[in-house]
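The values are calculated or read from the model by the stated rules, or taken from the named source; none is laboratory data. This one's a predicted model, so the numbers in the text were calculated from it and none came from an experiment. FYI the Cβ positions are ideal-geometry reconstructions off the backbone, even for glycines, and counts take in every protein chain you see. Areas reflect the complete protein model, heavy atoms only, side chains present, ligands, DNA and RNA absent. Shrake-Rupley method; radii C 1.70, N 1.55, O 1.52, S 1.80 Å.
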Amino acid sequence: MTDKMQFDLVQDRKGMLWDLMLYVPTVVALASIAASFWYGDDHNMGYLFFFLTCFFFIAGFNRIFKTRLMLLPSAPVTLKIGDQTLGLIQKNGEQVNLVKELRYYADYSGKSFGITGLDGGGKRLQFVFHKGQFPTAEKFDSVQKIFKTQLGN
């Protein structure tokens, strides 16, 4: 890719608020529907909506605590872009290097992007980064520009 660039990430509290406003009402509504079906003697629909409640709770928890607040041990806190590799330093201090099959996925709104690739052991990993995780919008744009030009897939 490039010679060597490092980007330190910060917590995205504004994005966290938006995610809370999305996931909390969704989980509460699904739980309410699940309870109404369960106590209305339609246990199959109750199970279905309870599953959906758990699914959205886990997805929201992961999105808020891993990508927005970077509190989970596997959350990336630093990006190191090197020559044909991408290093990610995680909250627990471990460094993950994506060395093969790097792919860049931009969203249509331009507020986040995803990176996938294989680490040295052949394990496929994926990471999502939000605009609010970068200290400035210019750093977010420069990272996206690097990935678009070098990975352009």
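Observations, loosely collected:
- Counting charges near residue 15 (Lys, Arg +1; Asp, Glu -1) among other residues having Cβ under 15 Å from its Cβ returns a value of +4.
- The distance from the alpha carbon centre of region 1-73 to that of region 86-115 is 21 Å, rounded to a whole number.
- With N counted as the residues of the chain, its alpha-carbon radius of gyration over 2.2 N^0.38 Å works out to 1.25.
- Rounded percent of accessible protein surface that carbon and sulfur make up, region 1-112, 1.4 Å probe: 63 percent
- Only lysines eight or more places from residue 139 in sequence, or on another chain, were considered; those with a Cα closer than 25 Å are 4, 14, 66, 80, 91, 100, 111, 131, 148.
- The residues of region 6-69 expose on average 67 square angstrom of accessible surface per residue, using a 1.4 Å probe on protein heavy atoms.
- Looking at region 78-121, the accessible area is 53 square angstrom per residue; that uses a 1.4 Å probe and ignores ligands, DNA and RNA.
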